[in-house]
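Shown next, in C-alpha cells, is the structure this report addresses.
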Amino acid sequence: MPGQPPTDDDDGRPSLATQRDTETVYQPAADSDLLARTARSHATPGDRGLDVGTGSGYVAETLAEAGVDVVASDLNPDACREAAARGVPAVRADLLAPFREDAFDLVTFNPPYLPTEPDKEWDDWMEHALSGGEDGRRLVDPFLEAVERVLAPGGRVFLLISSLTGIGDVQRYAHERGLAGEIVADEAHPYERLVVIRFESRDESPLP
Ligand SMILES: C[S@@+](CC[C@H](N)C(=O)[O-])C[C@H]1O[C@@H](n2cnc3c(N)ncnc32)[C@H](O)[C@@H]1O
C-alpha cells in the first residue's frame with residue numbers, strides 16, 4: 001500500500017520481501033526506455049524536472065543528460081539510493097506529497113501498472129514497483145489528481161501507460177480533472193501496447 005513500506009512482521013518473523021530473495025529495485029525495461037526517449041525529445045535544457053517513482057534513476061538520468069535540472073523521487077529507499085548513485089538528487093516521497101506548487105516544468109512517471117488480484121499481492125518492494133491493484137490504476141489515479149498542483153505554468157506531464165491498464169480510462173479520468181492529454185509515443189509489444197501520454201493543464205492548452 002502506498003506510504004506503508006514493508007516491515008518485518010510484529011511477531012519478529014522476516015517479511016516476505018526477505019524470504020522471496022528478489023531484486024528490490026525495478027531495473028530499466030522497454031517501458032522505462034520508451035518514457036525516457038519520449039520525455040527527452042520534449043525536454044528543453046534548463047527545464048525543472050521531477051521523475052516520480054524513479055526506480056533505478058534511468059529516466060531521471062536521461063533527462064539530466066538532456067540538460068534538465070531533475071529531481072528523482074521514490075517511495076522505496078533502495079531506489080533513492082540507486083538514483084543518487086547515478087548522480088541524480090533523490091528524495092524519498094509518496095507520489096507528489098513533499099513538492100511545492102508550481103515547482104516543475106516537466107514531470108515523468110512510469111507507474112506500477114499491472115492489474116493484480118488482492119490474493120496475488122506480496123508485501124515487498126518489487127510488488128510496489130509492479131502492482132497497480134485490481135484495475136492497474138492504484139497510483140495512476142491519485143497521481144493525476146495531484147500533479148497539476150506541482151506544475152509550473154506551461155508545465156507538461158509524461159505518463160507511461162499500458163493497454164493492460166486501460167488507456168482510454170486513464171485519458172477520461174485525467175480529462176475530468178482538468179488535464180488535456182495527447183498520446184505522443186505508441187509501441188506494440190507481445191502482450192501489451194505501451195503509450196506515453198503528454199498531459200498539460202487545460203487552462204494552458206492552446207485554444208482550438
Ligand atoms: C514500474 S517501476 C518504474 C521505475 C523507473 N521509473 C523506470 O521506469 O524504470 C515503478 C516505481 O514506482 C515506485 N513507487 C511505487 N509506489 C510509489 C509511491 N506511492 N510513491 C512513489 N513511488 C512509488 C516503485 O518503487 C518503482 O520504483
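Taken together, the residues in the stretch 72-103 that are over 13 Å from the mean Cα position of the chain (by Cα) and open to solvent by 20 Å² or more (accessible area, probe 1.4 Å) amount to 18.
Within the stretch 138-158, the set of residues being within 13 Å of the ligand (Cβ to nearest atom) and open to solvent by less than 60 Å² (accessible area, probe 1.4 Å) comprises Leu139, Val140, Asp141, Pro142, Phe143, Ala146, Val147, Phe158. In summary, Asp135 fulfils each of the numbered conditions (1) under 20 Å from Ala97 (Cβ atoms); (2) more than 16 Å from the chain's Cα centre (by Cα) with the single exception of condition (1). In the set (1) at pLDDT below 95; (2) open to solvent by less than 10 Å² (accessible area, probe 1.4 Å); (3) touching a Ser or Thr at 6+ places or on another chain (Cβ under 9 Å), Thr165 fails one condition alone, (3). Residues in the stretch 92-113 that are of a type outside the set (Asp, Glu) and either on the phi > 0 side of the Ramachandran plot or more than 10 Å from the ligand (Cβ to nearest atom) (or both): Leu95, Pro98, Phe99, Arg100, Ala103, Phe104, Leu106, Val107.
Selection of the stretch 57-77 for residues being touching a Leu at 6+ places or on another chain (Cβ under 7 Å) and either under 12 Å from Val91 (Cα atoms) or within 10 Å of the ligand (Cβ to nearest atom) (or both) yields Val59, Val70, Val71, Ser73.
The values are calculated or read from the model by the stated rules, or taken from the named source; none is laboratory data. Computed from a predicted structure; not experimentally measured. So basically every Cβ, Gly included, is an ideal-geometry build from the backbone, and we count neighbours across all protein chains shown. SASA here: full protein model, heavy atoms, side chains in, ligands and nucleic acids out. Shrake-Rupley method; radii C 1.70, N 1.55, O 1.52, S 1.80 Å.
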